[in-house]
1. Do we find a residue being among the basic types (Lys, Arg), surrounded by 22 or more Cβ atoms within 10 Å (Cβ to Cβ) and in contact (Cβ under 8 Å) with a residue 24 or more places away in the chain anywhere in segment B:221-244?
2. In segment B:10-44, what count of residues is obtained for those that are in contact with a Ser or Thr (Cβ under 8 Å, 6 or more places away or on another chain), surrounded by 18 or more Cβ atoms within 10 Å (Cβ to Cβ) and not in a helix (DSSP H, G or I)?
3. Helices (runs of 4 or more DSSP H) wholly in segment B:274-375 with at least 2 residues that are within 29 Å of B:Tyr64 (Cα to Cα) and either at pLDDT 95 or above or touching a Pro at 6+ places or on another chain (Cβ under 9 Å) (or both) - which ones?
4. Please state which one of B:Arg69, B:Arg97, B:Arg123, B:Arg65 is within 14 Å of another protein chain (Cβ to nearest Cβ) and of a type outside the set (Val, Ile, Thr).
5. Looking at (1) free of Cβ contacts under 8 Å to residues at least 40 places away in the same chain; (2) in the same structural domain as A:Ile244 (by TED's automatic domain parsing), which is the only condition A:Leu116 fails?
6. Any chance you could count how many residues in segment A:228-278 are β-branched (Val, Ile, Thr) and within 9 Å of chain B (Cβ to nearest Cβ)?
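The values are calculated or read from the model by the stated rules, or taken from the named source; none is laboratory data. These numbers come from a predicted model, not from an experiment. Cβ: placed from backbone, ideal geometry, glycine included. Neighbour counts: every protein chain shown.
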Amino acid sequence: MHESATDPMVPRVLRVRSRRRDGPQVWTLELDAGAREQPGFAAGQFNMLAAFGVGEVPISFSGDPARPQRIVHTIRAVGAVSSALTRLGAGAALAVRGPFGTGWPMSEAAGRDVVLVAGGLGLAPLRPALYQLLAERARYGRITLLYGTRSPKEILFRREIDSWRKLTGVMIEVTVDHALQPWHGHVGVVTALISRARFDPGRTLALICGPEIMMRFAAEALGTAGVASEAIYLSLERSMKCGIGSCGHCQFGGLFICRDGPVIRYDRLREPLRVREL
Amino acid sequence: MSLEPQSAQLLTSEGLDQLLKALRRGGYRTVGPTVREGVIAYEDIDSVEHLPRGWTEEQSGGHYRLRRREDDALFGYAVGPHSWKAFLHPPRQRLWRARGDGDTVQIERESPDRQPLALIGVRACELQAVAIQDKVLLGGAYGDPHYRARRADTFIVAVNCTVAGGTCFCVSMDCGPNVATGFDLALTELAAAGLPAFVLQSGTPAGRKVLEEIPHRPATESEIAAARARVQQTAQHMGRQMPVESLPQLLLRNLEHPRWREVADRCLACGNCTMVCPTCFCTTVEDSSDLSGQETSRTQRWDSCFAVDFAYLHGGSVRQSARARYRQWMTHKLATWHLQFGSSGCVGCGRCITWCPVGIDITEEVNAIRASDPG
């Protein structure tokens, strides 16, 4: 039994097994759980990761839920804590609490087309869902990943994306906001790709993760394409200090994003997303 | 009200003093009201001598003054700036320390505080506030172990209000001025020349047990009637009223009401209302380290939704404007609290009105929105 079994605010100490750069300011850390068994996680959930003496931030799992001993997080260095985390090299210790929050509704995906829409770093929280879908490819209909990012050099998980493209029944479209280097792909917002995707709107499940404005437009475009609000899920982001619904920071209307989310069905979000500064 | 003739007792001020001493003998830390720096504050007390004898206060929007009473009442006032959350859910709480020792890092969890607390002079609105914080801090899937330890051993001596404060509206919030549940002992102060006596009820076996150690006698019918009349009188003199009918729906359909901008022009976003509110529970955490970086710790402390960085997300605050922050506080307190915890987050104690430096009045803000509700 680890310390956090009795107190959810007390972390366990893990070490960095490997650190890989996945883009400008983006690193993927794989953590070493040692011999201690780690709690399983659902695709879409997050951990609270802390650099000792600096602070703690919520970071989604980006690894494979089928391999819970292999804890993987993809982090962009934007603030003091995330910068400190991305500087941790192999062997360095960090404090981990979790997993927390809701996961992607994978059980609802069986027998349906699945459309994943990712914006920027939003691909990282969707990757566990993709691993799960691709591991049991036959259980699902067409799988489509629409991925938008700022520029070609910011495309995450390039080699994996290339390998996924080769799978049958999997469609992957990548678009960038602007391309200075030679680029033969799409340029423009990711929502413009929705019309190119092939899915049966009546039997489609859509999973969206990215900047809030992009998620709003993507959900609206999917709605226009005939996908019901009840079949669209978004992963939201807010300031979090506890991860267990008690610090109050992540409130979004009546929702605690850490506890009721981060993955929330769109019918609960449509109205609040229209209110500025909620 | 819940004064039951067959069980009500009469306790003198001397008996109350002996109650405090009995609780201290039982290992309790006794905390109660006392006059400090011009206000009635909650601090450690060990005798009735420490109670605010003969004091009352005047309260209105942005205004609080102590005043002398014409008698020697010990509880002849409403509530000051302090609330019991300072003891049950304290402003700072260390959570853990970590020590790096060569190749290993050891995390040492902060042990919960084990000295039991006896809270003396808890008002009906405050009992409701404690019940609300119980739901917030213990009702989820995890629960706060520090709060749980403190609450498990809390002994509560409640006081029925015999004076209504100028900003009180517990009657509107349906939780006062008489206490109904959640206390070990409850007192109603009787009018007297000299030191007052109290009609006393016990609410728990623990309350009845400590009563065995102190002198008391059955209260007479006329004493009980007098106590009841005083509390009824208080109920009729509330300083404010909150129109609660369909309040959550009213606020949630008016998130873009022009009144939010108007109140934001007055609001200083200082966060006083959240600090004095007995139910506001938000916290943040601070990590710190020694100079070598070998020893680090994490401390939880109160936070306020009025702070700009409360809703900070990479790139800036989600709630930049004071309008958005005031709206968050008030809609949480009065509307979304119902969705989250099944009740209002407001108990009608009036502290947010009294201690607002510019006298913003939550009941007035609700009335303004209600008056121009498009429906």
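1. Going residue by residue through segment B:221-244, those that are among the basic types (Lys, Arg) are B:228, B:230, B:240.
Adding the requirement that they be surrounded by 22 or more Cβ atoms within 10 Å (Cβ to Cβ) leaves B:240.
Still in the running and in contact (Cβ under 8 Å) with a residue 24 or more places away in the chain: B:240.
Checked against the condition, which is being among the basic types (Lys, Arg), surrounded by 22 or more Cβ atoms within 10 Å (Cβ to Cβ) and in contact (Cβ under 8 Å) with a residue 24 or more places away in the chain, segment B:221-244 yields at least one hit.
2. So the count comes out to 3.
3. On the way: elements: B:322-331, B:337-341, B:351-354, B:362-371.
Of the helices (runs of 4 or more DSSP H) lying wholly inside segment B:274-375, those with at least 2 residues that are within 29 Å of B:Tyr64 (Cα to Cα) and either at pLDDT 95 or above or touching a Pro at 6+ places or on another chain (Cβ under 9 Å) (or both) span B:322-331, B:351-354, B:362-371.
4. Working: B:Arg69 fails: within 14 Å of another protein chain (Cβ to nearest Cβ); B:Arg123 fails: within 14 Å of another protein chain (Cβ to nearest Cβ); B:Arg65 fails: within 14 Å of another protein chain (Cβ to nearest Cβ).
Exactly one residue qualifies, and that residue is B:Arg97.
5. (1)
6. As a first pass, look at segment A:228-278 and keep what is β-branched (Val, Ile, Thr): A:232, A:244, A:257, A:263-264, A:275.
Within this subset, residues satisfying the condition of being within 9 Å of chain B (Cβ to nearest Cβ) are A:244, A:275.
The qualifying residues number 2.
One line per residue, one yes/no per condition, for (1) more than 9 Å from chain A (Cβ to nearest Cβ); (2) farther than 26 Å from A:Val96 by Cβ:
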site	(1), (2)
B:Thr299	yes, no
B:Asp303	no, no
B:Asp309	no, no
B:His338	no, yes
B:Phe341	yes, yes
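Yes/no per residue for (1) within 14 Å of chain B (Cβ to nearest Cβ); (2) in contact with a Leu (Cβ under 7 Å, 6 or more places away or on another chain); (3) of a type in the set (Lys, Arg):
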| site | (1), (2), (3) |
| --- | --- |
| A:Gln38 | no, no, no |
| A:Ser62 | no, no, no |
| A:Pro65 | no, no, no |
| A:Ile75 | yes, yes, no |
| A:Ala84 | yes, no, no |
| A:Arg87 | yes, no, yes |
| A:Gly101 | yes, no, no |
| A:Ala109 | no, yes, no |
